[in-house]
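Undergrad: I am attaching a structure below and will ask some questions about it afterwards.
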Amino acid sequence: MKRPPETLTSPSNPLIKSLKGLERKKERQASGLFLAEGARLVEQGLANHWQPDTLVVAAAVADRPHIAALADKAEEAGARVVLVPERLMSKITHKDNAQSVIATFKQRQVALDQLEVRNGPRKSLFVALYEVRDPGNLGTILRTADCAGADGVILVGTCCDPYSFEAVRASMGSVFDMPFAQTSHEAFEAWRRAAGIASVAASVNGAARHDLVDLQQDTVILMGNEQAGLPPAVEAECDQLVLIPMRGGADSLNLAQATAIMVYEAWRQRDFQ
């Protein structure tokens, strides 16, 4: 007979304290773990074969067939499964209305040369983010790249943590689907030149409209920092600078919105294949 999951009730329990600590980047780096909240996200992580470490379930819903099946799947994948009262779920996630399922997964470190560059009729499409600092933007861009079938996202320079609560939530599960790598600008440039990938950057210094340039070749779309954009030295190494038209009211777009416009234009040119 299968043993029932263990039940934790104290906020001072070492496991609960370690889960709460994952709010901090330092703790995520030390443990190599990150938090995913909600049954759908946890299911997505398991379906994509990410390694779970712990699954925490609100005791009040543990007997629901869907939740019980998820707990069994996580346990089979090697996770420690625990039940806790609702109040502890909120303490772990640092918000009032926490969902009933939370899991920690082991982070993946993907090297730049592990990103797949296609050698065929379907050309590669990557998104590169230069020193993006807002985790909500980063998570949303992972989701957009996933929806548009990009081959990967590259974090260039000092970027925010893709495994932060905010980035994982904003990605709506795409953190598990979309390959992403972190690297320096020098290594990024060497990689894309060696692979024969054209770089197209959205910039206020762009000379061509974004929908009038060829995005059907192997392409990496480079987007700059939310506040400063791309430095002149980085723009100088790009193959093309493009400008997204604006009517002249607001002077800029949100980074995630601008990235979506660029990525979907590339996908449109590829006939949404």
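Values in this text are rule-based calculations from the coordinates and carry no lab data. All of these numbers come straight from a predicted model, not from anything done at the bench. A quick note on method: Cβ atoms are made from the backbone with ideal geometry, for glycine too, and the neighbour counts reach across all protein chains shown.
Undergrad: Measure nothing fancy, just the Cα-based angle from helix 135-147's long axis to the longest principal axis of the chain, in degrees from 0 to 90, nearest 10.
TA: With rounding to tens, the tilt is 80 degrees.
Undergrad: Please tell me which of these pairs span more than 18 angstrom C-alpha to C-alpha: LYS73/LYS106; LYS20/LYS91; LYS25/LYS73?
TA: Beyond 18 Å between Cα atoms: LYS25/LYS73.
Undergrad: Working from Cα positions, state the angle (0 to 90°, nearest 10) between the long axis of helix 65-76 and the longest principal axis of the chain.
TA: 80 degrees
Undergrad: Per q in 0.15, 0.17 1/Å, what log10 I(q)/I(0) does a Debye calculation on the alpha-carbon atoms of the chain return?
TA: Log10 of I(q)/I(0), two decimals: -1.03, -1.21.
Undergrad: Is any residue of the stretch 185-225 close enough, with backbone N under 14 Å, to a label point placed 7 angstrom from the Cα of ALA236 along the Cα-Cβ axis, and if so, which?
TA: Counting only backbone N, you get no residues.
Undergrad: Go ahead and estimate [θ] at 222 nm for the chain from helices alone: -39,500 (n - 2.57) per DSSP H run with n ≥ 4, summed, over the residue count, rounded to 500.
TA: -10000 deg cm²/dmol
Undergrad: Rounded to the nearest 0.05, what FRET efficiency do GLN109 and ALA207 give with R0 = 35 Å and r taken as the Cβ-Cβ distance? Could you check?
TA: So the FRET efficiency works out to roughly 0.40.
Undergrad: Sticking with this structure for a sec: For the stretch 1-100, take the alpha-carbon Rg, divide it by the Kirkwood Rh, and send me Rg/Rh.
TA: My calculation of the ratio gives 0.93.
Undergrad: Still on this structure, please answer the following. Sort the stretch 112-270 into rounded, prolate or oblate with this rule: let a ≥ b ≥ c be the square roots of the eigenvalues of the Cα gyration tensor; rounded if a/c is under 1.5, and if a/c is not under 1.5, prolate when a/b is larger than b/c, oblate otherwise.
TA: rounded
Undergrad: Now, a different point. Provide the gained length on full extension for the span ALA30 to ASN97, in nm with one decimal, where the gain is 0.36 nm per separating residue minus the Cα-Cα distance.
TA: In short, 21.4 nm is gained.
Undergrad: As a test of understanding, state the convex hull volume per residue of the stretch 75-120 from its alpha carbons, in Å³.
TA: 166 Å³
Undergrad: Can you tell me the dipole magnitude for the stretch 45-143 around its Cα centre, using point charges on the Cβ only (Lys, Arg +1; Asp, Glu -1), in Debye to the nearest 20?
TA: With only Lys, Arg, Asp and Glu charged at Cβ, the dipole is about 280 debye.
Undergrad: Restricting to Cα pairs below 8 Å that are 6+ residues apart, what does the relative contact order work out to for the chain? Please round to a whole percent.
TA: Averaging sequence separation for qualifying contacts and normalising by length gives 18 percent for the chain.
Undergrad: Can you work out the FRET efficiency for the pair ASP72 and GLU6, with r the C-beta to C-beta distance and R0 = 22 Å, to the nearest 0.05?
TA: Given R0 = 22 Å and the Cβ-Cβ separation, E is 0.90.
Undergrad: If you bin the C-alpha pair distances of the stretch 224-273 every 10 Å from 0, what whole percents do you get?
TA: 19, 47, 30, 3
Undergrad: Amide H to amide H under 5 Å from VAL81: which residues, 5+ apart in sequence or cross-chain, H placed 1.01 Å off N in plane?
TA: Close amide H contacts, sequence-distant or interchain: LEU55.
Undergrad: Here is a further query. In nanometres, what is the gap between the two model label sites at GLU226 and ALA190, each 7 Å from Cα along Cα-to-Cβ?
TA: 3.1 nm
Undergrad: Would you give the gap between the C-alpha center of the stretch 86-142 and the C-alpha center of the stretch 156-180, rounded to a whole Å?
TA: Distance between centres, Cα-based: 2 Å.
Undergrad: What ranking, highest mean first, results for peptides 39-47, 99-107 when packing means the other Cβ atoms within 10 Å averaged over each residue?
TA: Going from most to least packed, we get 99-107, 39-47.
Undergrad: In a Gaussian network model over the chain where Cα atoms closer than 10 Å are linked, find which of ARG247, ARG28, ARG108 has the largest mean-square fluctuation.
TA: Residue with maximal mean-square fluctuation among ARG247, ARG28, ARG108: ARG247.
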